[in-house]
Amino acid sequence: MSPDAGQEPRPTAPRLTAAALDEDVARSDPHPTYARLRDEAPVVWHEDPGIWLVSRYDDVLAVNRDTRRFSSTGGVIPIEIGIDYPSPPTMMHTDPPEHTRLRRAVARGFRPSRIASLEQRIRGHVDSLVGAIAPGEPFDALEAVAAPLPITVICELLDLPSADWESMRRASDAVIPGAGDFDEDERAGLNAQLEELLRAHARDGGGLAADLREAGMDAEETYILVNQVLVAGNETTRNLLAGGLSAFAGAPDQWRRVVEDPGLVPGAVEEMLRFTTPVVSFMRTTTTDVDLAGVALRRGDPVLMLWASANRDPGEFGDDADTFVVDRHPNHHLAFGFGAHFCVGAALARLEAGLVLEAMTSRFGGLEEAGPPRRSPSTVIAGYEHVPLVAH
């Protein structure tokens with residue numbers, strides 16, 4: 001995307017090229033580039049694929065909360081630039097009032113009484129998974145806890161077969177660009193299988209699907225919402241758990257603090273959310289010419305909110321923004337988004353993470369790295385492929 005004829009070119013930062021950012025992501029540490037963006041070019045045009053990068057907390061918050069001037073209907077990730085959907089593929093691709101209508105229907109499945117009713121069942125899953133971790137022996141936090149727990153819980157919420165969680169996890173991974181080791185044909189095949197399963201479930205299934213039908217959703221809307229809840233509801237919590245445990249392994253003093261004071265668990269979960277930021281970024285599209293932090297954006301411009309950068313902004317979190325601190329206060333992170341698009345499953349994610357941290361800190365006095373974690377190459381989610389740890 002290039003500037004229109006006769007208009008001033010968009011401001012770019014030559015040293016902050018697409019290649020530089022992508023190389024940082026590939027080597028699993030985009031934060032030095034995020035810091036440079038915040039310092040040198042907090043609102044900057046990224047030539048390829050042609051999108052504004054917004055990196056400071058206050059600016060990301062401003063975009064996220066203004067659904068009138070920054071719309072979700074043009075797509076929510078950069079690969080959707082230029083795609084004209086005949087109908088929204090997910091609730092995330094809508095704005096109020098349509099988004100409000102869909103969100104109210106989905107929220108029925110996440111009402112406080114429903115989440116509370118799941119606590120003992122989730123606690124049982126957590127105790128079983130954590131109980132299988134042998135003290136002093138290396139284990140993969142991803143496979144031991146972070147992957148099986150969220151997909152099992154979300155399948156139970158949706159009334160889908162949770163016993164086959166590994167197949168459901170793989171199908172979910174195939175939906176996320178850059179996640180999983182799929183070739184093009186395999187990814188397409190898994191997507192087709194998942195769509196067939198979820199469309200049938202939307203018509204006749206129980207759990208959230210039944211709640212949605214009772215709320216007046218038609219078959220297509222029910223399918224779209226169930227699909228979104230399945231994928232987002234397990235991918236994000238998985239990365240929160242994997243990234244959070246990895247962060248604790250790199251900050252053993254913070255682990256000991258929680259061991260000694262279990263009352264720190266809720267705040268520690270919030271710091272896990274801030275520090276890991278499971279969803280790296282989301283896109284919006286301008287509906288009008290708009291000034292953002294002194295930069296002129298044009299109608300129809302894609303805008304990428306770098307949540308992972310905003311959550312490390314010293315302007316909001318202080319000079320120790322890159323440090324993992326379990327009792328950080330205040331901690332107004334944006335890991336769940338903000339405003340109309342605030343994550344509908346936030347309470348469930350917090351519950352799962354809190355129960356895992358509670359179980360592990362009561363069982364293990366220390367947590368250490370058993371090798372370097374291996375990150376997913378996805379630039380959409382802060383995913384992990386391997387998180388080797390030792391608990392003792």
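A count restricted to the range 289-320 and to residues that are of a type in the set (Lys, Arg) and free of Cβ contacts under 8 Å to residues at least 60 places away in the same chain stands at 1. Between VAL269, VAL265, the distinction of being within 20 Å of ASP322 (Cβ to Cβ), part of a helix (DSSP H, G or I) and out of contact with any strand residue (DSSP E or B) (no Cβ under 8 Å at 6 or more places or on another chain) belongs to VAL269 only. Out of all the residues in the range 119-136, which are surrounded by 18 or more Cβ atoms within 10 Å (Cβ to Cβ) and out of contact with any Ser or Thr (no Cβ under 8 Å at 6 or more places or on another chain)? Within the range 119-136, ILE122, VAL126, LEU129, VAL130, ILE133 qualify. What pairs come up if the first residue lies in the range 321-345 and is among the small types (Gly, Ala, Ser), the second is assigned to a loop (DSSP other than H, G, I, E, B), and their beta carbons are under 7 Å apart, counting only those six or more places apart or on different chains? Between residues of the range 321-345 that are among the small types (Gly, Ala, Ser) and residues that are assigned to a loop (DSSP other than H, G, I, E, B), the close pairs are ALA321/ARG312; ALA321/ASP313; ALA335/THR277; ALA335/PRO278; ALA335/ASN311; GLY337/CYS343; ALA340/THR67; ALA340/PRO96. Can you tell which of ALA293, ALA268 is within 27 Å of the chain's Cα centre (by Cα) and surrounded by fewer than 16 Cβ atoms within 10 Å (Cβ to Cβ)? Answer to the check: ALA293. Only one of the numbered conditions (1) under 17 Å from ASP59 (Cα atoms); (2) touching a helix residue (DSSP H, G or I) at 6+ places or on another chain (Cβ under 6 Å); (3) part of a loop (DSSP other than H, G, I, E, B) is not met by HIS332, and that is (2).
Among the residues of the range 79-110, those that are among the hydroxyl-bearing types (Ser, Thr, Tyr) and in a loop (DSSP other than H, G, I, E, B) comprise TYR85, SER87, THR90, THR94.
Taking (1) surrounded by 24 or more Cβ atoms within 10 Å (Cβ to Cβ); (2) at pLDDT 95 or above in turn, PRO278 satisfies each apart from (2). Consider the range 342-352 and keep the residues that are outside any loop (DSSP other than H, G, I, E, B) and in contact with a helix residue (DSSP H, G or I) (Cβ under 7 Å, 6 or more places away or on another chain). The one that is surrounded by the most Cβ atoms within 10 Å (Cβ to Cβ) is GLU352. Inside the range 14-67, residues that are assigned to a loop (DSSP other than H, G, I, E, B), among the hydroxyl-bearing types (Ser, Thr, Tyr) and at pLDDT below 90 make up a count of 2.
Filtered by the rule that a residue be in contact (Cβ under 8 Å) with a residue 40 or more places away in the chain and out of contact with any helix residue (DSSP H, G or I) (no Cβ under 9 Å at 6 or more places or on another chain), the range 84-116 gives ARG104, ALA107. Checking GLU260, GLU214 one by one, the residue that is modelled with pLDDT under 95 and surrounded by fewer than 24 Cβ atoms within 10 Å (Cβ to Cβ) is GLU214 and no other. Looking at LEU212, is it in a helix (DSSP H, G or I), under 30 Å from ARG101 (Cβ atoms) and within 23 Å of the chain's Cα centre (by Cα)? Answer is no for this residue. All told, GLU235 falls short of being in a helix (DSSP H, G or I) and at pLDDT 90 or above. In the set (1) buried (at least 21 other Cβ atoms within 10 Å of the Cβ); (2) at pLDDT 90 or above; (3) not small (Gly, Ala, Ser), the condition left unmet by ARG103 is number (1).
Within the bounds of the range 244-252, is there any residue that is surrounded by fewer than 24 Cβ atoms within 10 Å (Cβ to Cβ), in contact with a Gly (Cβ under 7 Å, 6 or more places away or on another chain) and either outside any helix (DSSP H, G or I) or not β-branched (Val, Ile, Thr) (or both)? Yes.
Apart from one condition, ALA144 fits all of (1) at pLDDT 95 or above; (2) under 19 Å from the mean Cα position of the chain (by Cα); the exception is (2). Number of residues in the range 145-187 that are surrounded by 15 or more Cβ atoms within 10 Å (Cβ to Cβ), hydrophobic (A, V, I, L, M, F, W, C) and in a helix (DSSP H, G or I): the value is 12. Just one of the listed residues (ARG203, ARG199) is in a helix (DSSP H, G or I), surrounded by fewer than 15 Cβ atoms within 10 Å (Cβ to Cβ) and either without any contact (Cβ under 8 Å) to a residue 40 or more places away in the chain or within 24 Å of the chain's Cα centre (by Cα) (or both), and it is ARG203. Has the range 313-331 got any residue that is surrounded by fewer than 17 Cβ atoms within 10 Å (Cβ to Cβ), modelled with pLDDT of 95 or more, in contact with a strand residue (DSSP E or B) (Cβ under 8 Å, 6 or more places away or on another chain) and acidic (Asp, Glu)? Within the range 313-331 (the criterion being surrounded by fewer than 17 Cβ atoms within 10 Å (Cβ to Cβ), modelled with pLDDT of 95 or more, in contact with a strand residue (DSSP E or B) (Cβ under 8 Å, 6 or more places away or on another chain) and acidic (Asp, Glu)), the answer is no, since none of the residues qualifies.
The values are calculated or read from the model by the stated rules, or taken from the named source; none is laboratory data. This one's a predicted model, so the numbers in the text were calculated from it and none came from an experiment. Here the Cβ is made from the backbone with ideal geometry for all residues, glycine too, and neighbour counts use every protein chain on show.
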